[in-house]
Number of protein chains: 4
Amino acid sequence: MTAPVPQLATRLRAEHIDELLLKCTGWAYSPDRGGTITREFLFADFRQAFGFMAQVALMAEKRNHHPEWSNLYNRVSITLTTHDVSGLSMKDIKFAQLADRTYALYDAQPA
Amino acid sequence: MTAPVPQLATRLRAEHIDELLLKCTGWAYSPDRGGTITREFLFADFRQAFGFMAQVALMAEKRNHHPEWSNLYNRVSITLTTHDVSGLSMKDIKFAQLADRTYALYDAQPA
Amino acid sequence: MTAPVPQLATRLRAEHIDELLLKCTGWAYSPDRGGTITREFLFADFRQAFGFMAQVALMAEKRNHHPEWSNLYNRVSITLTTHDVSGLSMKDIKFAQLADRTYALYDAQPA
Amino acid sequence: MTAPVPQLATRLRAEHIDELLLKCTGWAYSPDRGGTITREFLFADFRQAFGFMAQVALMAEKRNHHPEWSNLYNRVSITLTTHDVSGLSMKDIKFAQLADRTYALYDAQPA
């Protein structure tokens with residue numbers, strides 16, 4: 001029997017995390033602060049990187065779920081965690097998946 | 001003999017415009033205000049449209065050549081002209097080509 | 001007796017519009033398309049104008065209520081209407097007020 | 001006799017740095033990587049923070065001088081250094097001053 005689907009804003013339990021991270025293959029898990037996931041995204045230049053950041057900012061504001069993120073020229077690093085549950089929640093998994101889909105655009109044609 | 005390449009900030013003459021517009025096939029020429037070109041870009045949603053706008057804004061500021069542009073949800077319309085020469089210049093042609101290349105990213109994967 | 005407060009996504013009736021527009025003094029009403037309101041915002045330069053646009057884009061995406069807007073260098077024009085009700089709704093009034101509050105920042109120190 | 005004004009893309013010498021940092025009072029100097037300066041900016045919310053980031057992105061692209069920066073909700077941290085000279089240059093000082101002037105807008109009316 002599979003584990004029941006966790007609620008959006010509930011802290012994910014260890015057995016869910018392993019399973020869910022299989023859907024976010026580019027993301028690295030860290031046990032810091034109860035659990036975070038991080039991915040670095042590469043772009044052709046700053047302009048592309050900031051276009052992606054603008055899209056991510058809109059995602060974040062709409063969901064009221066804001067990343068810890070940094071940028072240097074053509075690199076954007078995003079770290080996700082759910083402060084309210086002191087760890088990872090489904091909000092982070094869904095955000096990671098949407099960021100991945102958004103990045104697919106830029107990744108396909110990096111020049 | 002082909003016409004010499006026009007200077008970046010010089011007003012394009014009629015014979016150049018026809019030739020150059022062949023490189024900007026999506027753009028429509030209008031004789032308004034000495035000459036303008038316009039293109040409408042379609043996106044999957046507002047988020048993609050604004051990601052594109054952020055990239056275009058960076059292009060504009062870097063070149064100090066700013067478009068007349070409008071947006072409604074998933075549509076962005078850009079009109080180019082060079083105010084200083086009261087018509088089209090190579091600045092507009094180059095801007096159009098760079099906007100087209102930027103859009104190619106989004107156009108390829110519209111969902 | 002004052003008129004009851006209209007629902008967020010209901011079409012505003014004429015008697016509400018006059019009253020509500022007093023709260024949006026910079027906005028011009030037009031009967032086009034069942035009713036729209038428009039305001040032009042001026043900035044020190046393109047950079048400020050686009051900073052404002054980024055804030056407005058986040059507002060729009062969060063509320064799922066998107067403006068018709070245009071920009072030329074240091075000017076941003078915003079037109080609001082509620083397509084679903086074929087006219088103005090409280091969504092437009094609230095959006096206008098939030099845009100005004102956002103603009104107050106830039107207006108205070110235009111250089 | 002005062003020291004001569006350093007060139008824009010030259011590595012600043014120790015005696016210049018002390019003097020110039022007096023013009024960037026909010027910035028903290030670190031000797032890391034030959035010299036960096038860092039400042040954290042606080043905003044009312046994510047929306048204001050991202051409006052500021054959009055302005056900073058335009059500054060960076062125009063000058064072809066890109067910061068290392070990060071954001072979490074209403075906080076933006078900017079670190080400046082000039083990679084080409086392995087330390088601080090006048091590009092960093094000028095960028096810091098322009099970021100400060102841009103921030104003055106938001107700082108004045110933080111709500």
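Where a number appears in this text, it was derived from the coordinates with a stated rule and is not lab data. Source: prediction; values computed, not measured. So basically every Cβ, Gly included, is an ideal-geometry build from the backbone, and we count neighbours across all protein chains shown.
Summing Lys and Arg as +1 and Asp and Glu as -1 over all other residues whose Cβ lies under 10 Å from the Cβ of A:D84 gives a net charge of +2. Taking N as the residue count of region B:34-111, its C-alpha radius of gyration divided by 2.2 N^0.38 Å amounts to 1.08.
Normalised by the number of residues in chain A, the mean separation of alpha-carbon contacts (under 8 Å, six or more apart) gives a relative contact order of 35 percent.
Counting charges near C:S70 (Lys, Arg +1; Asp, Glu -1) among other residues having Cβ under 14 Å from its Cβ returns a value of -1.
In order along region C:34-42, the Karplus-derived 3J(HN,Hα) couplings, from 6.51 cos²θ - 1.76 cosθ + 1.60 at θ = phi - 60°, round to x, x, 9, 10, 9, 9, 9, 10, 10 Hz, and Gly and Pro are given as x.
Along its principal axes, the protein assembly as shown has C-alpha extents of 67, 56, 47 angstrom, given from the largest down. Label-to-label distance, D:T25 versus B:L8, with points set 7 angstrom from Cα along the beta-carbon direction: 4.0 nm. Taking the Cα centre of region D:36-111 as reference, the dipole from Cβ charges on Lys and Arg (+1) and Asp and Glu (-1) amounts to some 160 debye. Within 10 Å, Cβ to Cβ, of B:D100, how many net charges do the neighbouring residues add up to if Lys/Arg are +1 and Asp/Glu are -1? That works out to +2. In this structure, the amide hydrogen of D:F41, modeled 1.01 Å from its nitrogen in the peptide plane, lies closer than 5 angstrom to those of D:V76, D:S77, D:I78, counting only residues at least 5 positions away or on a different chain.
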